[in-house]
Amino acid sequence: MNAPLASVLFVCVHNAGRSQMAAGFLRHLAGDRVEVRSAGSVPGDRINPSAVEAMAEAGIDITDQKPKVLTTEAVRASDYVITMGCGDACPVFPGKNYLDWALEDPAGKGVEAARPIRDEIRNRVEALIAEIDAKREA
């Protein structure tokens, strides 16, 4: 097996909605080409049920995921750090690719509110995979 092309860390406050949806899409779409992590600056107790339902509608099961606390080790081990509204809680290390995806938080909202967020995340994840693949081919 080849080493992953890149490692990506998705970070949001609770690691219960946006970052879990993004990690689910990246695992699903990139397979083992990309190492995927997600974490939260203040992790929640469980994954947002609306995010789970929205992802299930897209054919991706994230029910086995648990919110994890953000560690400096996770940031240090990642090539890309993608933040989603965690502000200053995200540690910054030189040489990493930082992207901030301004996405609405689906916390406390129904699946109807989670669907457009899910679709936007999928578009951004597809663009990220294309960027990673392009750097690999360069």
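The values are calculated or read from the model by the stated rules, or taken from the named source; none is laboratory data. Values in this document were obtained by computation on a predicted structure and should not be read as measured data. Every residue, glycine among them, receives a Cβ derived from its backbone with ideal geometry; neighbour counts consider all protein chains shown. Just so you know, the surface numbers come from the protein's heavy atoms only, side chains and all, with ligands and any DNA or RNA stripped out. Shrake-Rupley method; radii C 1.70, N 1.55, O 1.52, S 1.80 Å.
Provide the net charge surrounding SER50, with neighbours chosen by a C-beta distance below 10 Å and charges set as Lys +1, Arg +1, Asp -1, Glu -1.
Numbers: positive: LYS109, ARG115, ARG118; negative: GLU53, GLU112.
Overall, the nearby charge balance is +1.
Taking each full run of DSSP H in the chain as one helix, which ones are at least 20 Å long along their axis (Cα atoms) and have mean Kyte-Doolittle hydropathy of at least -1.0?
111-137
From largest accessible area down, sort ARG118, ARG136; use a 1.4 Å probe on the protein chains.
Working: ARG118 25, ARG136 160 Å².
Descending order: ARG136, ARG118.
How big is the dipole moment of the chain about its Cα centre under a simple scheme where the beta carbon of each Lys and Arg is +1, that of each Asp and Glu is -1, and everything else is neutral? Debye, nearest 20, please. Present the calculation step by step, with values, prior to reporting the outcome.
On the way: 16 positive and 20 negative charges, 51 e Å.
Its charge dipole is roughly 240 debye.
Report the equivalent ellipsoid semi-axes for segment 74-138 in whole Å, largest first, defined as the square roots of five times the eigenvalues of the gyration tensor built from alpha carbon atoms.
Working: eigenvalues 122, 64, 10 Å².
For segment 74-138, the semi-axes come out at 25, 18, 7 Å.
Quickly rank 55-61, 38-44, 105-111 as a protection proxy: mean count of other C-beta atoms within 10 Å, highest first.
So the peptides 55-61, 38-44, 105-111, ranked by packing, come out 38-44, 105-111, 55-61.
Given 0.36 nm per residue, what is the gain on full extension from VAL92 to GLU120 after removing their alpha carbon distance, in nm?
Computed gain between VAL92 and GLU120 is 7.6 nm.
Find how many whole Å separate the alpha carbon centroid of segment 122-138 from the alpha carbon centroid of segment 12-48.
Spelled out, the Cα-based centre of one part sits 17 Å from the other.
So for segment 28-138, if I pair up every lysine 8 or more residues apart or on another chain, how many of those pairs have alpha-carbons under 23 Å apart? Don't jump to the answer; show the numbers that get you there.
On the way: LYS66/LYS109; LYS68/LYS96; LYS68/LYS109; LYS96/LYS135.
Going through segment 28-138 pair by pair, I get 4.
How much length, in nm to one decimal, is gained on full extension between ALA58 and LEU29, taken as 0.36 nm per residue of separation minus their Cα-Cα distance?
Stretched out fully, the ALA58 to LEU29 stretch lengthens by 9.3 nm.
Return a whole-number percent for the relative contact order of segment 9-138, with Cα pairs under 8 Å and 6 or more residues apart as the contact set.
Dividing the mean separation by the residue count of segment 9-138 yields 30 percent.
Please express the shape of the chain as an equivalent ellipsoid: the semi-axes are the square roots of 5 times the eigenvalues of the C-alpha gyration tensor, given largest first in whole angstrom.
Gyration-tensor ellipsoid for the chain: 22, 18, 13 Å.
For ALA77 paired with GLU104, estimate the spin-label separation in nm (one decimal), with each label point 7 Å from Cα along the Cα-to-Cβ line.
So the two model labels end up 3.4 nm from each other.
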